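The values are calculated or read from the model by the stated rules, or taken from the named source; none is laboratory data. Note that the structure is a prediction, hence the values are computed from the model and not measured. Here the Cβ positions follow ideal geometry from the backbone for every residue, glycine too, while neighbour counts run over all protein chains shown.
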Protein chains: 2
Amino acid sequence: MRNSMNLLLLHPDDFISDKHVQIRGRRLLHLNKVIKAKPGDYLKAGRLNGKIGRAQLLSIDSDIAELSIELTDTPPPALPINLILALPRPKVLRRILQAATSLGIKHIHLIASWRVEKSYWQSPFLEADKIHEQLILGLEQSIDTQLPEVHLHPLFKPFVEDELDTIAANSTRLVAHPQATEAIGSTPLNALTLAIGPEGGFIPYEIEKFAELGFAAASLGPRILTVEVAVSSLISRFAVNLENEGRSRHN
Amino acid sequence: MRNSMNLLLLHPDDFISDKHVQIRGRRLLHLNKVIKAKPGDYLKAGRLNGKIGRAQLLSIDSDIAELSIELTDTPPPALPINLILALPRPKVLRRILQAATSLGIKHIHLIASWRVEKSYWQSPFLEADKIHEQLILGLEQSIDTQLPEVHLHPLFKPFVEDELDTIAANSTRLVAHPQATEAIGSTPLNALTLAIGPEGGFIPYEIEKFAELGFAAASLGPRILTVEVAVSSLISRFAVNLENEGRSRHN
């Protein structure tokens, strides 16, 4: 996936005053090479975990760009879905983090599962700055500023027994499971905690542990999807139900 | 994306009789290296554009595998969505073809658009056998046998003026458009023709041409998604509406 920088996302270090920022590195390169921005140009900009608005380019060269900013709008609403995901292969993880972020997910828990290769937990892609990078790309793509939180849980049992109940508090609980007999419904939802297994699915013991906490196993139908497609597909499917709930509450 | 071979998909050339097949090449390698199949083992198998059932491995070595087959079940239902997609970057196209196939799409039209780089049409990935390969991977992943049709339309105007009305006959017509003011609804649908633009979207002239044919421009909300995520997201979103229609018809 090559994301577009649809938003110039401003980090705390960029600010030299409330109305004035300096940009270097990757974003500067993008301004120069892709956008070919010139002094006077306006760009959509937003402050990390803050408001969105516009920036006007004051000066730019190969070392630094200076912009004045005016940030007035709130970022798009978050999707009230907690994503619990069996740790995918590192290369796929990057794309999934970007995709989930761009879809508006704010809480991602990467967990162990029997079918997750232990070696994945050693991947450099799991280092905090590498994960941060993917989240930033997802925000820039989707014109959002609210940084998602990503939590790593390399042990399945303590996660499910000690943490999951709190994480899923006040939300509908679902675990996607190819062998489930219940189809995923279209009931309006307030908030959702959605668990998605590894390629090959969670093992019966794991499904049982989820069930003990009230997670209903729901099937996507006879088709088996890659984890990557399943994540986008399931999030989008439930986004509809969450919106319907929004509508019925407001009508 | 690395697809799983959840189905041993049998091609016409594999058959030495109705009940007996010989496998070589990529699928043989998969049987040997990934599945580590042994004589006597059963595998899920299906005939391209035919039925699904099981195969029993009779013999296997590094050159050839022989299997007896029993194909009794119909493949999963197709999703009644015609996908009209501005030709994506070749690398992304491969993943999108696999994803759309795995989600059950059977009609894909790759079209020109102002923001599609002309050079994409010269990509070797657009050769018929390269496209076929991605579709096969999507079918193997999703345990389906019905090969999608992919049509290339390198000229926008003749496609829209001379072909699109027939393609979209008897279906709801939607074009995904970030600037649209109408949100995508949740009305049950019978069948859908869904047009998705390139990164940056269709240009106003193109949206107008779609509108002349009754395509409503619908927004996914304030977030801009990559084409890859948008395709999985939109298909899954409408799959819900199509299922709801199925339910209401059957109740």
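Among the residues that make up the range B:73-83, is at least one of them farther than 30 Å from B:Val229 by Cα and not basic (Lys, Arg)? Among the residues of the range B:73-83, at least one is farther than 30 Å from B:Val229 by Cα and not basic (Lys, Arg), which makes the answer yes. Considered as a group, the residues in the range A:109-124 that are part of a loop (DSSP other than H, G, I, E, B) and of a type in the set (D, E, K, R) include one that is nearest to A:Asn82 (Cα to Cα), and that residue is A:Arg115.
Checked against the criteria, B:Gly46 counts as within 29 Å of B:Phe238 (Cα to Cα), crowded, with 23+ Cβ neighbours inside 10 Å and modelled with pLDDT of 95 or more.
How many residues are among the charged types (D, E, K, R) and more than 16 Å from A:Gln98 (Cβ to Cβ) when one looks only at the range A:109-130? Number of matching residues: 4. May I ask you to verify whether A:Pro154 is modelled with pLDDT of 95 or more, away from chain B (no Cβ under 14 Å) and in contact with a helix residue (DSSP H, G or I) (Cβ under 9 Å, 6 or more places away or on another chain)? Judged against the criteria, A:Pro154 is a match. Can you find, within the range B:1-45, the residue that is nearest to the other protein chains (Cβ to nearest Cβ) among those that are among the polar types (S, T, N, Q) and over 21 Å from the mean Cα position of the chain (by Cα)? Only one residue fits best here, namely B:Asn32.
Scan the range A:219-239 and tell me whether some residue there is in a strand (DSSP E or B) and modelled with pLDDT of 95 or more. Checked the range A:219-239: no residue is in a strand (DSSP E or B) and modelled with pLDDT of 95 or more.
When B:Asp144 is tested against the conditions (1) among the acidic types (Asp, Glu); (2) over 18 Å from B:Ala239 (Cα atoms); (3) within 14 Å of chain A (Cβ to nearest Cβ), the lone failure is (2).
Filter the range B:197-220 for residues that are within 13 Å of chain A (Cβ to nearest Cβ) and surrounded by fewer than 17 Cβ atoms within 10 Å (Cβ to Cβ); which is farthest from A:Ala78 (Cα to Cα)? Per the stated criteria, the residue is B:Gly200.
Here's the yes/no breakdown for (1) within 24 Å of A:Ile167 (Cα to Cα); (2) not acidic (Asp, Glu):
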{"residue": "A:Gly53", "(1), (2)": "no, yes"}
{"residue": "A:Ser68", "(1), (2)": "no, yes"}
{"residue": "A:Pro80", "(1), (2)": "yes, yes"}
{"residue": "A:Lys91", "(1), (2)": "no, yes"}
{"residue": "A:Ala100", "(1), (2)": "yes, yes"}
{"residue": "A:Leu103", "(1), (2)": "yes, yes"}
{"residue": "A:Glu127", "(1), (2)": "yes, no"}
{"residue": "A:His132", "(1), (2)": "yes, yes"}
{"residue": "A:Leu135", "(1), (2)": "yes, yes"}
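When the range A:73-132 is limited to residues that are among the hydroxyl-bearing types (Ser, Thr, Tyr) and away from every other protein chain (no Cβ under 14 Å), the one that is surrounded by the most Cβ atoms within 10 Å (Cβ to Cβ) turns out to be A:Ser113.
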